[in-house]
Amino acid sequence: MNIFKRILCAFICALMLSSCAHREAAGPAPEPSVRFETFGTAAETEATTAPETLNTERFSEISTAPATTVSHMTDPVTTASAATSADTESERGYDIQPASGVMYASSDVNVRELPDADSERVGHLDRGDEVNITGLVSNGWVRVEFKGGEYFVNGNYLTSEGVSESAAPPEVTTPPTTPTETLPTTQPTTSVTTTVTTTAPTTEAPETTPPPETINEELNILTGSNGYTALNYPVQKAVWFAYLDIDPMLKGSSEAAFAEKIGEAFDNVHDLGCNTVYVHVRAFGDAYYFSQYYPFTAAFSDTLGSAPPFDPLYIMINEAHKRGLSFHAWVNPMRTTTKDRYAEMDGFYPLKQWYDSSSANGTFLVYDKDTSYYWLSPAYPAVRQLICNGVAEIVTRYNVDAVHIDDYFYPTTSSSFDKAAFEASGASDRAAWRKSVVSTLVGEIYRTVKACNPSVLFGVSPQGNIDNNLNRLYADVETWCSAPGYLDYIVPQIYYGFNDKLAFDTAAEQWEELVKLPYISLIGGIAAYKVGLNSEWSSGKILSKQTDYLSDSDVFGGIALYRYDSLFGSANSSERSMRKELPELKTALSEF
């Protein structure tokens, strides 16, 4: 990556983050210090208000001229003009500096009428497409020539260099075999700036030593302020939308057809009496949106990285908010994908570079034969940085109301998974060390979310069996529920019947005792997918009975149902049993 490209990317990102001062918000958000990662080196800049003129000395390949002013879009777009005039722009409150030069799409990206993700889409650039630049916008967007007119593209998706198959921003330094850096196991010090004041636990814990050249001692998390005020409810009544629910809607779909399908699904959820959706946006190291860190999901075309000419995440958020539904972006942080999918993955992405690296493959990225997936190891700061930057990308670019992760932490108890990192740590208790490593990751995700938008929540959905969390997945739910700085809500998957060995009510009581902090919401996860499985789950009243139980609790603050297609599709064990369940469930939800 040449110096111009780094400077241009840093400048555009800084302008985008500073534009929060222009966005409609409940109040002004602070402008944090921002570090932009490169997974090998770090360039630091400050997010400040947009300058009146650009420093043209920083752009050897883009010619610029004095800026014009384009005011913020405060009214709906009613017409699409072939060219955006300076007079029209000056009514909408953005600063645009005229510029000239050539840039290339670093990934598939929409072209819009105005420099705003809510503006009308007028077309699409494929990765590698060349465009002529006519202006640099103060919010990080770029004005380009397109179809005979001038329109706008998010500058994060443009590069000054031609994009080839081997293009790979951000760069990845191959990790050396001898690690030297230490990693705290409770609340670590990072470069994330947050407006949320918390007190970190002081428990001493063993150290781990990841590769020194991979990342600096501090995690250089991409952060910034998002002026959106999140929509969340005092009592969550949620439904999970897994990739299994979304993929059939997305496969080969048009933008209008996908919006219609997801809209109908959200109508069903709303009519049932729910107010929140947990929606998969990353299931296998991929993305249901245009990301600079992860390839586009294979759901649309059956090929990883082949994206539709629209943004599914934007559509899903928009359709949810139309119906008053809170949208929680559901991420699987550690699980990635299979060998076959890695063969399809572009070398642009850090995951692919680690996969191809003889030293990173097996340390940063580890194959688990039982699941047939590669998993990220959170013991390494470079890995946690990638995960956190992926979260920051979502929170800063989209109006999500929360970030949500589930129970996919360590895939195995085998000592081989993180052998090198554990041996380098000097720790003697592998289980305690693994729990501290996972807690470090969870704490960093939490602070990343808050640094980007303090109103956005962060929640975790662990297994319902507390012992399994602690000793098999190494998820220290006891600490997360009793110490500040880890989460806003927790959704244990209490996927049991009242007659099971670990009974539903017994598990619920255990979780009631575990949550120590009054501001952490406890949401009960219920297994809609089990309806019809056996006599207890075929009663027609099991879901409503469990909902009533949680509603009567003084501790539980909501309910979440897994998953959409189990409620309204064919994923349940008995469609007949589910038809009996839904009216009773709707009544129970209305009384929660």
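The values are calculated or read from the model by the stated rules, or taken from the named source; none is laboratory data. These figures come from a predicted structure and were not determined experimentally. Ideal geometry is used to build each Cβ from the backbone, glycine not excepted, and the neighbour counts take in all protein chains shown.
Taking the stated definitions as given, is H328 assigned to a helix (DSSP H, G or I), within 20 Å of D118 (Cα to Cα) and in contact with a strand residue (DSSP E or B) (Cβ under 8 Å, 6 or more places away or on another chain)? Can you show your working first?
Numbers: assigned to a helix (DSSP H, G or I): no; within 20 Å of D118 (Cα to Cα): yes; in contact with a strand residue (DSSP E or B) (Cβ under 8 Å, 6 or more places away or on another chain): yes.
So H328 fails the test.
Here is a check on your reading of the model: is P98 assigned to a loop (DSSP other than H, G, I, E, B) and modelled with pLDDT of 85 or more? Talk me through it step by step, then tell me what you get.
On the way: assigned to a loop (DSSP other than H, G, I, E, B): no; modelled with pLDDT of 85 or more: yes.
Judged against the criteria, P98 is not a match.
This table checks each residue for (1) in contact with a helix residue (DSSP H, G or I) (Cβ under 6 Å, 6 or more places away or on another chain); (2) more than 29 Å from K352 (Cα to Cα); (3) at pLDDT below 95.
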{"site": "K251", "(1), (2), (3)": "no, no, no"}
{"site": "K261", "(1), (2), (3)": "yes, yes, no"}
{"site": "E264", "(1), (2), (3)": "no, yes, no"}
{"site": "T276", "(1), (2), (3)": "no, yes, no"}
{"site": "A283", "(1), (2), (3)": "yes, no, no"}
{"site": "A287", "(1), (2), (3)": "no, no, no"}
{"site": "D302", "(1), (2), (3)": "no, no, no"}
{"site": "A329", "(1), (2), (3)": "yes, no, no"}
{"site": "M334", "(1), (2), (3)": "no, no, no"}
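So which residues in region 243-296 are buried (at least 22 other Cβ atoms within 10 Å of the Cβ), among the hydroxyl-bearing types (S, T, Y) and touching a Ser or Thr at 6+ places or on another chain (Cβ under 8 Å), if there are any at all?
Residues satisfying the conditions are T276, Y278, Y288, S291.
So, in region 209-241, how many residues would count as being modelled with pLDDT of 95 or more, in contact with a Phe, Trp or Tyr (Cβ under 9 Å, 6 or more places away or on another chain) and either among the aromatic types (F, W, Y) or assigned by TED's automatic domain parsing to the domain that holds Q385 (or both)?
Matching residues across region 209-241 total 2.
Check whether at least one residue in region 540-547 is among the small types (G, A, S), touching an Asp or Glu at 6+ places or on another chain (Cβ under 6 Å) and outside any loop (DSSP other than H, G, I, E, B), and report yes or no.
Restricting attention to region 540-547, the residues satisfying the condition of being among the small types (G, A, S) are 540, 544.
Filter again for touching an Asp or Glu at 6+ places or on another chain (Cβ under 6 Å), leaving 540, 544.
Narrowing the set further to residues that are outside any loop (DSSP other than H, G, I, E, B) leaves 544.
There is at least one residue in region 540-547 that is among the small types (G, A, S), touching an Asp or Glu at 6+ places or on another chain (Cβ under 6 Å) and outside any loop (DSSP other than H, G, I, E, B).
Filter region 319-340 for residues that are among the charged types (D, E, K, R) and surrounded by fewer than 21 Cβ atoms within 10 Å (Cβ to Cβ) and give the result. Walk me through it before giving the result.
Taking region 319-340 as the starting set, the residues that turn out to be among the charged types (D, E, K, R) are 319, 322-323, 335, 339-340.
K322, R323, R335, K339, D340, listed by residue number.
I'd like the full set of residues that are under 21 Å from Q385 (Cβ atoms) and not small (G, A, S), limited to region 280-304. Even if it seems obvious, please write down each step before you answer.
Going residue by residue through region 280-304, those that are under 21 Å from Q385 (Cβ atoms) are 281-287, 289-295.
Once the filter is applied, which keeps residues that are under 21 Å from Q385 (Cβ atoms) and not small (G, A, S), region 280-304 yields V281, R282, F284, D286, Y289, F290, Q292, Y293, Y294, P295.
Is it true that T371 is closer than 26 Å to V239 by Cα, free of Cβ contacts under 8 Å to residues at least 60 places away in the same chain and touching a strand residue (DSSP E or B) at 6+ places or on another chain (Cβ under 6 Å)? Show your work before the answer.
Numbers: closer than 26 Å to V239 by Cα: yes; free of Cβ contacts under 8 Å to residues at least 60 places away in the same chain: yes; touching a strand residue (DSSP E or B) at 6+ places or on another chain (Cβ under 6 Å): no.
Criteria not met by T371.
Determine whether G485 is at pLDDT 95 or above, outside the structural domain of L543 (by TED's automatic domain parsing) and not in a loop (DSSP other than H, G, I, E, B). Please lay out each step first, then the result.
Details: at pLDDT 95 or above: yes; outside the structural domain of L543 (by TED's automatic domain parsing): yes; not in a loop (DSSP other than H, G, I, E, B): no.
Spelling it out, it is not the case that G485 is at pLDDT 95 or above, outside the structural domain of L543 (by TED's automatic domain parsing) and not in a loop (DSSP other than H, G, I, E, B).
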